[in-house]
1. Helix check for the chain. Which DSSP H runs span at least 27 Å along their own axis by Cα, with a mean Kyte-Doolittle hydropathy no less than 0.5?
2. Over the Cα atoms of the stretch 278-367, what Rg and Dmax result, in angstrom?
3. Relative to the Cα centre, what is the charge dipole magnitude of the stretch 193-233, using +1 at the beta carbon of each Lys and Arg, -1 at the beta carbon of each Asp and Glu, and rounding to the nearest 20 debye?
4. For the stretch 258-294, which trypsin sites (Lys or Arg not before Pro) are both in a DSSP coil and crowded by at most 16 other Cβ atoms within 10 Å?
5. More than 22 angstrom separation, counting every C-alpha pair in the stretch 356-434; what % is that?
6. Once Lys and Arg get +1 and Asp and Glu get -1 on their Cβ, which of V170, S146, N455 lies farthest toward the positive end of the dipole of the chain?
7. Can you give me the P(r) profile for the stretch 203-318? Cα pairs, bins 10 angstrom wide beginning at 0, each as a whole percent.
8. Which of P297, Q24, A235 sits farthest toward the positive end of the charge dipole of the chain, with +1 on the Cβ of Lys and Arg and -1 on the Cβ of Asp and Glu?
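Coordinate-derived values only; no laboratory data. Only a predicted model underlies this, so the values are computations on that prediction, with no experimental measurement involved. For neighbour counting, all protein chains shown are included, and Cβ atoms are generated from backbone atoms with ideal geometry for every residue, glycine included.
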Amino acid sequence: MTIPYPSIQTLPPLGAVSPPSGAQRPRLTFIGTGYLGATYAVCFAELGYEVLGVDVDGPKIDKLAAGTLPFHEPGLDELLHKNLGTGRLHFTTDYAEAAAFGDVHFICVGTPQRADGMAADLSYVESAVAALAPHLTRKALIVGKSTVPVGTAEWVEQLVHKYAAGLADVEVAWSPEFLQEGYAVEDVLRPNRVIFGVKTEWARDMLYSVHKGVFDLAATEDREVPVVITDFATAELVKVAANSFLATKISFINAMAEVCEATGADVTLLAKAIGYDSRIGNKFLRAGVGFGGGCLPKDIRAFQARAQELGVGEALRFLHEVDLINQRRRQRVVQLATELLGRAYGPNGPDLQGVKVTVLGATFKPNSDDVRDSPALSVVRRLVRTGAQVTVYDPEGIENACRDVPQATYAKTLNDAVAGADLVCVLTEWEEFRNADPQALGALVAGRRVIDGRNCLDSAVWVRAGWEYRGMGRPVVR
Ligand SMILES: NC(=O)c1ccc[n+]([C@@H]2O[C@H](COP(=O)([O-])OP(=O)(O)OC[C@H]3O[C@@H](n4cnc5c(N)ncnc54)[C@H](O)[C@@H]3O)[C@@H](O)[C@H]2O)c1
């Protein structure tokens, strides 16, 4: 039966559907065990579900099955160990096993930016569906979690019919994901909302059944998890609209930082002052070196590309500006470095030959090892091009960073990294950097110069310790 829209509910319906496998609770597969899928697999096992993580990357699956996370996410290691021990959590590369096991299959594969443009590369989604569908022999629900261009769920439905060859009654739903790396465990176990993009009551009720563990946990903590039930297109758009809004907020304050730099104003005070207005709010209003990661940059580009295809490119033209503002902040760090070091900014760009620069931070945000489209690494690449000798330190991201930017030198500790530096740039706001003692670091460097690319240091304390300090969108503090 099809269902009416729109619908927003805060409580699950009373009627429950029986999992086609005959199991008591739906058995779940998570296809693609990266940051999203592995976190989900582990957390849903923790909530009591029988779970199978599926990936084409054999070594990754072997690691997970052996209890080793292939990435850093606070709190997830412990839960992985614990749930492997319960016997509820397994991993495989075998799609036949996945099809035989699962009632609900979550698509969690990557949707990166295409190499030839701004659009999303959906080849991983297609290959996952093409690999799973022919093995399905009973009713099942395929749920998209990956972030995709609007229209993808309808296309996945067509793919399922093509590859399943009508052998099984397979339905599709879309349930976009909002987890934040660094807080992923908490976000999955305690989401602030869940979106069910569905066409039928069966799909809706199956999704309720899949999330019963989330609702039950909320009930024990006297919370409610709002459920928004939508059509496919709205569900897909919720995610990209949310990310576009967040990216716009960051670029808005970074645009204000540019104006502050031209006028001697202080963007940190400006942000504080406007953030007191609850209509504006103070979250995501910190000026700095901008956003990065595996989501925001590629999502706003894919959204523009899709809007163009749909004939509404004009509606999202502002996102182009959001992207440009964000990119300019990365170059601003190099410009500040050139100024602080008293070097020339010639026709071939800045010349920092013979200068030793230490970059603190490689990941796109703290508490993660993810360096995808990291502003910090983008600055490292630019600094390397100036001829500077660049040393990088990051608490969790060195391994990934080494692979991406082998031209830089990597240090094992903060102290090793800053030893002999002419300039220190803080580009990811790790607690270790925010709490660093400027006196102690001052004794190790060759020159006490610091660029605070995240406006996360106490400028007065650093200046008192004899450092020349430059923030983003802030006047020179003496
Ligand atoms: N990382 C986040 O914080 C986050 C948050 C919300 C949404 N998302 C979205 O989730 C999706 C996945 O992101 P991610 O960060 O986990 O990516 P990721 O690159 O870490 O993981 C993707 C995984 O999919 C696997 N894969 C590729 N093709 C496959 C196939 N045919 N079958 C099985 N596995 C396959 C890869 O081997 C990899 O392990 C993206 O669409 C992303 O935009 C990510």
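1. 232-263
2. For the stretch 278-367, the Cα radius of gyration and maximum Cα-Cα distance read 17.4, 51 Å.
3. Numbers: 5 positive and 7 negative charges, 32 e Å.
Roughly 160 debye, rounded to the nearest 20.
4. Listed in order of number, the matching sites are R279, K283.
5. So the portion of pairs separated by more than 22 Å is 9 percent.
6. Final value for the positive-end residue is N455.
7. The percentages, shortest bin first, are 11, 28, 29, 24, 8, 1.
8. Value computed over the given set: P297.
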